[in-house]
Amino acid sequence: MDGCDSTAAQSFVTRFMADVGGGMVAALCALGVRLGLFRALADAGPSRSTELAARTGLDERYVREWLHGLAAAAYLRTDATGEVFSLPPENAAVLAHEESPFFMGGAARLVPALGSMLGPVATAFRTGDGIAPERYPGELFHTMWQMSGSWLGTLLLPQWVPAVEGLAERLAAGAPVAHIGSGGGRALVLLAGAYPRSRFTGYDELPLNVEHARQEAVGAGVADRVEFVHGRATDLLPGKGDHALVLALDVLHDAPDPAQALTAVRAALADDGVLLLLESNGADAPTGNRGPAAALLYGASVLYSLPTARAAGAAEPAGMLGLTEARLRALCAGAGLSRVRRLPAPTPLNALYEIRP
């Protein structure tokens, strides 16, 4: 082809094959997390395929191929025979142990779950329409519950609440708390277990999330003080100015109108209340978003964030990397939330903010 540098093209072929191979590795990891293979291998130590299959109750031939695939990607190690496989402790912290602060195994499950929506998203490209969350596979939301549950369990009570001055004391004394886009409910369930005098309400537009969250509350024995409501938080959040805490964890960029959502939060918050906001960690200009993490977020934005925001009525959705720190500060100021402080975030993909009136 005219103008094509064959050396550069071959170099890109190598890069492209590495990326396609990475997609296959993500699919294998998704299976490993879903089927408990990583955890079983981490707990037992070096194992043959027959041993791992017996331990997990899975078919040995499938297990063997899975092991060889991840050994080829250097996710697993083998002995000299190539028949005994092990998961290095560092890899196990990321892939096997949900209680680990490094666990990101759930992220692999996003790839097949979102990939299954390529057809509807392609149609949305042509029409400009949105896709309601209810049309996405349940596997996607199970993955979100797993991912958020992992880092919430290790960070919310031990680190985030103590990092916000006076918050623990306020919750211990008893106060209203709300969660916008409460998802699987883990955040409020954890807070309710630690602060029984406070009352907690989660709002979510997906019935599947609300049902799961209610089950979480019952299972944890906190259903007497945690309520999960189906509906849009900006329409339902009480504007009484009495909430000590409002949570918005990785959902504001999906709102059809983030400014309106922040205005509703301000009306709900007491003058000394706080919005704990988790957002994607994006650069102020798109050219600053480069590398695998940014590619992952843009991919998730194309496949989920933009379509669902469009379905909710957003003409110009923010996208997963659209609420940069500068834009967020401007939106908060416009909503009467003038104090914004950045806190340590759970992963490089995120930014965490303490926001006050």
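If a residue has to be over 19 Å from Asp19 (Cα atoms) and either in contact with a Leu (Cβ under 6 Å, 6 or more places away or on another chain) or loosely packed, with under 11 Cβ neighbours inside 10 Å (or both) to count, how many in segment 284-303 make the cut?
Here is the first cut: in segment 284-303, the ones over 19 Å from Asp19 (Cα atoms) are 284-288.
With either in contact with a Leu (Cβ under 6 Å, 6 or more places away or on another chain) or loosely packed, with under 11 Cβ neighbours inside 10 Å (or both) added as a condition, the list becomes 285, 287.
Number satisfying all stated conditions: 2.
What about Thr127, is it in the same structural domain as Asn209 (by TED's automatic domain parsing), free of Cβ contacts under 8 Å to residues at least 12 places away in the same chain and out of contact with any Cys (no Cβ under 8 Å at 6 or more places or on another chain)?
Details: in the same structural domain as Asn209 (by TED's automatic domain parsing): yes; free of Cβ contacts under 8 Å to residues at least 12 places away in the same chain: yes; out of contact with any Cys (no Cβ under 8 Å at 6 or more places or on another chain): yes.
So Thr127 passes the test.
Report, ordered by the first and then the second residue, all pairs with beta carbons closer than 7 Å, sequence separation of six or more or different chains, a first member in segment 268-295 that is under 22 Å from Asp254 (Cβ atoms), and a second member that is of a type in the set (Lys, Arg) and at pLDDT below 95. Hits for this filter: Ala268/Lys240. Per the listing Gly241, Gly273, the residue uniquely more than 25 Å from Arg310 (Cα to Cα) and at pLDDT 95 or above is Gly273. Please verify whether Leu306 is in contact with a strand residue (DSSP E or B) (Cβ under 6 Å, 6 or more places away or on another chain) and surrounded by 21 or more Cβ atoms within 10 Å (Cβ to Cβ), treating the condition exactly as stated. When the stated conditions are applied, Leu306 does not pass them. Within the set of pairs 6+ apart or on separate chains, which have a first residue in segment 298-310 that is among the charged types (D, E, K, R), a second that is buried (at least 22 other Cβ atoms within 10 Å of the Cβ), and C-beta atoms under 8 Å apart? Between residues of segment 298-310 that are among the charged types (D, E, K, R) and residues that are buried (at least 22 other Cβ atoms within 10 Å of the Cβ), the close pairs are Arg310/Pro317. Taking the criterion of being basic (Lys, Arg) and more than 22 Å from the chain's Cα centre (by Cα), the only residue of segment 223-237 that qualifies is Arg225. Taking the conditions (1) exposed (fewer than 13 other Cβ atoms within 10 Å of the Cβ); (2) part of a helix (DSSP H, G or I); (3) small (Gly, Ala, Ser) in turn, Ala71 satisfies each one other than (1).
Only one entry in Ala54, Ala26 is at pLDDT below 95 and more than 30 Å from Leu157 (Cβ to Cβ), namely Ala26.
Table: residues versus (1) in contact with a Leu (Cβ under 8 Å, 6 or more places away or on another chain); (2) surrounded by fewer than 22 Cβ atoms within 10 Å (Cβ to Cβ).
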| site | (1), (2) |
| --- | --- |
| Arg214 | no, yes |
| Arg225 | no, yes |
| Ala233 | no, no |
| Asn281 | yes, yes |
| Glu316 | no, yes |
| Gly322 | no, yes |
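Checking segment 138-149 against the condition returns a match, with at least one residue being among the small types (Gly, Ala, Ser) and closer than 23 Å to Arg310 by Cα.
The values are calculated or read from the model by the stated rules, or taken from the named source; none is laboratory data. All values reported here derive from a predicted model rather than from experimental measurement. Note that each Cβ is placed from the backbone with ideal geometry, even for glycine, and that neighbours are counted across all protein chains shown.
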